[in-house]
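Structure, as structure tokens:
Every number in this text was worked out from the coordinates using simple rules, so none of it is lab data. From a predicted model like this one, the values you see are computed outputs, not experimental measurements.
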């Protein structure tokens, strides 16, 4: 499912039948932007039953180029991470 399909699914849900496609798109954009800004700032975003979005630091390390076998240095980075919640894990 892509973003467009998600917006359509929300719009077609009976609880949101009075919302336009533009309203649903604004909701999805605001929702994702809010999560991104909070995690970038260093806050964890926990949605009970769904999961937690966090910011993690990866240390610098040495990797190997698979085509040449040459060792390369990989810089330290800060990345977003998602951990699914217990209820979501149990679905599978």
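Worth a mention:
- Descending Cα extents along the principal axes, the chain, whole Å: 58, 31, 28
- Normalised contact order of the range 44-92, rounded percent, pairs of Cα under 8 Å and 6 or more residues apart: 43
- Whether the range 1-42 is rounded, prolate or oblate, judged on the alpha carbon gyration tensor where a/c under 1.5 counts as rounded: prolate
- Between 34, 20, 68, the Gaussian network model of the chain with springs among Cα atoms under 10 angstrom shows the greatest mean-square fluctuation at 68.
- Relative contact order of the chain, taken over Cα pairs closer than 8 Å and 6 or more residues apart, is 21 percent.
- Look at the Cα gyration tensor of the range 44-92: its axes a ≥ b ≥ c give a/c of at least 1.5 with a/b at or below b/c, and that counts as oblate.
- Folded to 0 to 90 degrees: helix 21-41 orientation relative to the chain principal axis, Cα: 30
- Taking Cα atoms only, the orientation of helix 3-12 departs from the longest principal axis of the chain by about 20 degrees.
- Candidates 57, 71, 21, ranked by Gaussian network fluctuation over the chain, Cα under 10 Å, top entry: 71
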